[in-house]
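> Dropping the structure in here first, questions after.
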Amino acid sequence: MADSAQSTPVESSASTTPAPAAQQQQQQKNNKKQNRPPHPNAANAKPKPVKREVKILMLHGYTQSGPLFRAKTRALEKLLAKSFSPLNLVPTLIYPTAPNRLSVSDIPGFVPSSSSPHDSDSGGPGSASDTELTDSWAWFRREEATWNYRFINEGFERLAETIRAVNEGAVVSDGIVTDKKVGEEGVDEPKELRGVVRSEVVDGVIGFSQGGAMAAMLTAALEHISPNTPRPVTTPSHESWVKELREANKGQPLKFCVSYSGFFALPEELGWMWTPKVKTPTLHFLGSLDTVVEEARSRRLIEACEGAVEVTHPGGHYVPVSKEWVGPLVGFIRGCLKKKEERKEEEDVGSAFD
């Protein structure tokens with residue numbers, strides 16, 4: 001009984017003594033953040049890094065399509081996103097499809113049927129089977145006799161449409177430009193771009209084979225030969241689509257161009273693109289075992305680009321997507337974006353003293 005009687009005041013004393021301190025702690029917890037005194041190290045705290053979008057056009061080769069090219073370069077796309085993450089860059093890869101649809105007889109290696117040419121149902125030359133349309137596309141068609149490029153205007157008009165759409169806020173889903181825009185009813189910002197500073201223009205282009213040739217020509221068409229002075233167009237029939245391209249990208253040149261197994265565009269009517277040389281940074285991948293595009297044609301494109309960077313992989317006519325070969329691509333793009341940002345800062349500082 002004695003032990004029991006003594007325990008009561010002790011417990012009562014313990015429960016009442018810290019009451020003022022507990023109330024003070026609770027009051028502090030209820031204070032609003034703005035009324036709290038700043039943390040001693042708050043002034044030295046680093047701001048949260050700002051993530052920025054990088055828009056990149058991905059141009060497929062002859063007989064391919066945008067979705068097919070994306071399927072073939074999916075590993076590259078994933079490695080690019082992973083490699084850009086520490087740099088606080090978020091790539092948006094855009095895979096347009098060329099406008100010129102090919103038939104079976106347009107595919108390299110096509111062999112006409114040996115059946116009677118007069119029997120259209122037998123699969124003979126000129127039959128429905130030879131002219132059947134496929135899911136194969138081209139940016140332009142080369143005339144064998146003259147080497148001129150047919151339908152090239154349509155190819156660049158498609159690129160102008162694509163660039164304009166993405167720069168006006170069209171949602172890119174699985175690499176394909178949709179007719180939806182962020183802000184419309186039921187259309188949300190893509191998850192990977194939430195909180196990311198959006199790029200207002202297309203930043204660069206990557207192309208393969210015929211797409212590599214188009215990438216270089218697109219770069220030349222958008223380039224400024226001096227500050228605020230676009231490259232002059234000397235072929236009247238090109239003026240319309242060049243104007244569309246430049247307006248679509250808001251008068252801004254590309255920051256970089258990457259060509260895989262690309263080649264030089266030979267037609268004289270395209271000569272204005274190469275004089276003077278292309279000054280936009282370019283990276284050229286060549287396959288040492290490539291039997292589709294002659295090395296001399298690829299090297300002539302390299303020679304048309306000032307300060308071009310060349311990388312040769314021990315493979316054939318394809319885009320190497322292993323880490324070993326994505327590394328040079330990441331380093332090149334990072335360097336181009338860094339130089340552009342430094343140049344912009346210099347221009348901003350200079351304008352402040354004008």
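The values are calculated or read from the model by the stated rules, or taken from the named source; none is laboratory data. Please read these numbers as outputs of a predicted model, since none were measured by experiment. In this analysis, Cβ positions are derived from the backbone assuming ideal geometry, glycine residues included, and neighbour counts consider all displayed protein chains. The accessibility values were calculated without ligands, DNA or RNA, using every heavy atom of the protein model including side chains. Shrake-Rupley method; radii C 1.70, N 1.55, O 1.52, S 1.80 Å.
> Working carefully through the options T291, T234, find the one that is touching a helix residue (DSSP H, G or I) at 6+ places or on another chain (Cβ under 6 Å), in contact (Cβ under 8 Å) with a residue 12 or more places away in the chain, exposed (fewer than 14 other Cβ atoms within 10 Å of the Cβ) and more than 20 Å from L159 (Cα to Cα).
Being touching a helix residue (DSSP H, G or I) at 6+ places or on another chain (Cβ under 6 Å), in contact (Cβ under 8 Å) with a residue 12 or more places away in the chain, exposed (fewer than 14 other Cβ atoms within 10 Å of the Cβ) and more than 20 Å from L159 (Cα to Cα) holds for just one of T291, T234, which is T234.
> S122 - would you say it is in contact with a Ser or Thr (Cβ under 8 Å, 6 or more places away or on another chain), farther than 26 Å from V202 by Cβ, modelled with pLDDT under 90 and in a loop (DSSP other than H, G, I, E, B)? Lay out the reasoning, then the answer.
Details: in contact with a Ser or Thr (Cβ under 8 Å, 6 or more places away or on another chain): yes; farther than 26 Å from V202 by Cβ: yes; modelled with pLDDT under 90: yes; in a loop (DSSP other than H, G, I, E, B): yes.
Criteria met by S122.
> Would you be able to tell me the number of residues in the range 298-317 that are open to solvent by less than 50 Å² (accessible area, probe 1.4 Å) and either out of contact with any Ser or Thr (no Cβ under 6 Å at 6 or more places or on another chain) or at pLDDT below 95 (or both)?
Counting residues in the range 298-317 that are open to solvent by less than 50 Å² (accessible area, probe 1.4 Å) and either out of contact with any Ser or Thr (no Cβ under 6 Å at 6 or more places or on another chain) or at pLDDT below 95 (or both) gives 8.
> Another question about this same structure. Take R158 and tell me if it is open to solvent by 20 Å² or more (accessible area, probe 1.4 Å), closer than 21 Å to M217 by Cα and modelled with pLDDT of 95 or more. I'd like the intermediate steps shown before the answer.
On the way: open to solvent by 20 Å² or more (accessible area, probe 1.4 Å): yes; closer than 21 Å to M217 by Cα: yes; modelled with pLDDT of 95 or more: yes.
Yes: the conditions hold for R158.
> Which residue out of S240, S322, S261 is among the small types (G, A, S) and either farther than 24 Å from L79 by Cα or touching a Pro at 6+ places or on another chain (Cβ under 8 Å) (or both)?
After applying the criteria, what remains is S240.
> Follow-up. Filtering the range 237-255 down to residues that are without any contact (Cβ under 8 Å) to a residue 40 or more places away in the chain and in a helix (DSSP H, G or I), which residue is most open to solvent (accessible area, probe 1.4 Å)?
So the residue we want is K243.
> Could you look through the range 80-113, keep only residues that are surrounded by fewer than 14 Cβ atoms within 10 Å (Cβ to Cβ) and under 16 Å from the mean Cα position of the chain (by Cα), and pick out the one that is farthest from R52 (Cα to Cα)?
K82
> From the list V258, V233, which one is outside any helix (DSSP H, G or I) and in contact with a Leu (Cβ under 9 Å, 6 or more places away or on another chain)?
Answer to the check: V258.
> On the basis of being modelled with pLDDT under 95 and farther than 24 Å from P227 by Cα, does L286 make the cut?
On the way: modelled with pLDDT under 95: no; farther than 24 Å from P227 by Cα: yes.
Spelling it out, it is not the case that L286 is modelled with pLDDT under 95 and farther than 24 Å from P227 by Cα.
> If you go through the range 161-175, how many residues are open to solvent by less than 60 Å² (accessible area, probe 1.4 Å) and outside any loop (DSSP other than H, G, I, E, B)?
So the count comes out to 9.
> Say whether the condition of being touching a strand residue (DSSP E or B) at 6+ places or on another chain (Cβ under 8 Å), surrounded by fewer than 17 Cβ atoms within 10 Å (Cβ to Cβ) and not in a loop (DSSP other than H, G, I, E, B) is met by at least one residue in the range 200-223.
no
> Continuing with the same structure: Take the range 171-193 and flag every residue that is touching a Lys or Arg at 6+ places or on another chain (Cβ under 6 Å) and more than 30 Å from R142 (Cβ to Cβ).
Once the filter is applied, which keeps residues that are touching a Lys or Arg at 6+ places or on another chain (Cβ under 6 Å) and more than 30 Å from R142 (Cβ to Cβ), the range 171-193 yields V171, V187.
> What pairs come up if the first residue lies in the range 182-198 and is free of Cβ contacts under 8 Å to residues at least 60 places away in the same chain and more than 17 Å from A165 (Cα to Cα), the second is open to solvent by 90 Å² or more (accessible area, probe 1.4 Å) and polar (S, T, N, Q), and their beta carbons are under 9 Å apart, counting only those six or more places apart or on different chains?
none
> Those residues that are part of a helix (DSSP H, G or I) and either touching a strand residue (DSSP E or B) at 6+ places or on another chain (Cβ under 8 Å) or open to solvent by 70 Å² or more (accessible area, probe 1.4 Å) (or both), I need them from the range 318-339; list them, please.
The answer is K323, E324, W325, P328, L329, F332, I333, R334, C336, L337, K338, K339.
> Residues in the range 129-137: is at least one over 24 Å from F263 (Cβ atoms), surrounded by 15 or more Cβ atoms within 10 Å (Cβ to Cβ) and free of Cβ contacts under 8 Å to residues at least 40 places away in the same chain?
yes
> Right, next: Are any residues in the range 287-317 among the β-branched types (V, I, T) and part of a loop (DSSP other than H, G, I, E, B), and if so, which ones?
T291, V292, V293
> Being at pLDDT below 95 and part of a loop (DSSP other than H, G, I, E, B) narrows it down to one of E144, E192, so name that one.
Only one candidate qualifies: E144.
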